[in-house]
């Protein structure tokens with residue numbers, strides 16, 4: 001492992017422990033979360049929750065013991081018999097899967113049959129503007145299949161409210177044509193992780209189409225659990241969704257690490273739940289690297 005990578009991980013650990021120490025000494029922390037809007041190419045949406053709070057540590061002794069260790073990884077491997085974590089939580093859109101074409105291109109391409117004449121640039125601008133507006137029907141974007149929300153987004157983005165157009169577009173994003181795996185080695189890596197005793201879960205802000213999408217990409221069987229915001233009624237960065245994922249896996253939050261591409265939703269949210277967290281594309285660049293950091297050699 002490179003010196004830079006080692007320094008990055010030590011810095012991340014010390015920062016996390018510093019935060020936990022402040023919680024322990026103050027006895028409380030703010031649970032206000034500034035809403036965060038994130039736009040993906042595919043039209044998927046990283047949502048926010050109205051509140052999140054940092055999960056308390058099980059024991060103050062844990063924090064003090066960690067501060068006295070030279071190498072955080074050695075400590076965790078001593079706990080878990082050569083592994084750094086018992087469970088891996090993975091974000092969906094932007095980490096596990098990605099859109100195969102830009103959102104505006106698909107909106108226009110399908111929309112041409114329904115009279116949509118906006119350019120892709122204009123669709124993208126209108127799309128972003130729509131996301132900046134509060135969604136008044138619910139504090140959560142993804143409620144059940146989220147059709148009312150997507151009807152609003154599509155009509156606002158394209159100027160077309162034809163129900164047949166919206167339904168065709170909605171169904172398109174449930175197929176394997178719309179998505180591809182971010183890492184071509186993902187299947188091999190996740191199989192090795194499970195064989196090595198690491199439990200796996202997807203944790204995603206998504207509507208109920210996520211499970212059909214995972215089945216369409218033939219990757220649903222890689223995971224022991226799926227925590228979808230539309231099903232658990234909590235959206236990242238709310239720690240509830242991470243805690244639920246850990247419950248489904250039968251592990252404690254401090255035994256899990258979450259990997260995702262959004263600093264607020266994935267990193268801050270997971271750490272608020274008591275999990276470790278690595279930023280996809282920064283802390284880790286591939287699932288092979290994730291496995292190696294956990295202690296599984298591919």
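The values are calculated or read from the model by the stated rules, or taken from the named source; none is laboratory data. This is a predicted model, so every value here is computed, not measured. All Cβ positions, even for glycine, are placed from backbone atoms using ideal geometry, and neighbour counts span all protein chains on display.
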Report task. Filter region 194-222 for residues that are under 17 Å from residue 290 (Cβ atoms) and without any contact (Cβ under 8 Å) to a residue 60 or more places away in the chain and give the result. Result -> 194, 195, 222
Query raised in the report: Picking from 77, 128, which residue would you name as being in contact with a strand residue (DSSP E or B) (Cβ under 9 Å, 6 or more places away or on another chain) and surrounded by fewer than 15 Cβ atoms within 10 Å (Cβ to Cβ)?
Result: 128
**Report entry** Residues located in region 148-167, provided they are surrounded by fewer than 18 Cβ atoms within 10 Å (Cβ to Cβ) and under 19 Å from residue 231 (Cα atoms)
**Finding:** 148
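Listed residues 226, 198, 203; which is touching a helix residue (DSSP H, G or I) at 6+ places or on another chain (Cβ under 7 Å), assigned by TED's automatic domain parsing to the domain that holds residue 277 and surrounded by fewer than 22 Cβ atoms within 10 Å (Cβ to Cβ)?
Values: 198 fails: surrounded by fewer than 22 Cβ atoms within 10 Å (Cβ to Cβ); 203 fails: surrounded by fewer than 22 Cβ atoms within 10 Å (Cβ to Cβ).
Exactly one residue qualifies, and that residue is 226.
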Report task. Search region 265-278 for residues being farther than 17 Å from residue 77 by Cβ and over 10 Å from the mean Cα position of the chain (by Cα), and hand back the single one that is surrounded by the most Cβ atoms within 10 Å (Cβ to Cβ). Result -> 273
Query raised in the report: Name the helices (runs of 4 or more DSSP H) wholly within region 55-147 that hold at least 1 residues that are at pLDDT 80 or above and either out of contact with any helix residue (DSSP H, G or I) (no Cβ under 8 Å at 6 or more places or on another chain) or within 30 Å of residue 224 (Cα to Cα) (or both)?
Result: 72-80, 103-111, 120-132
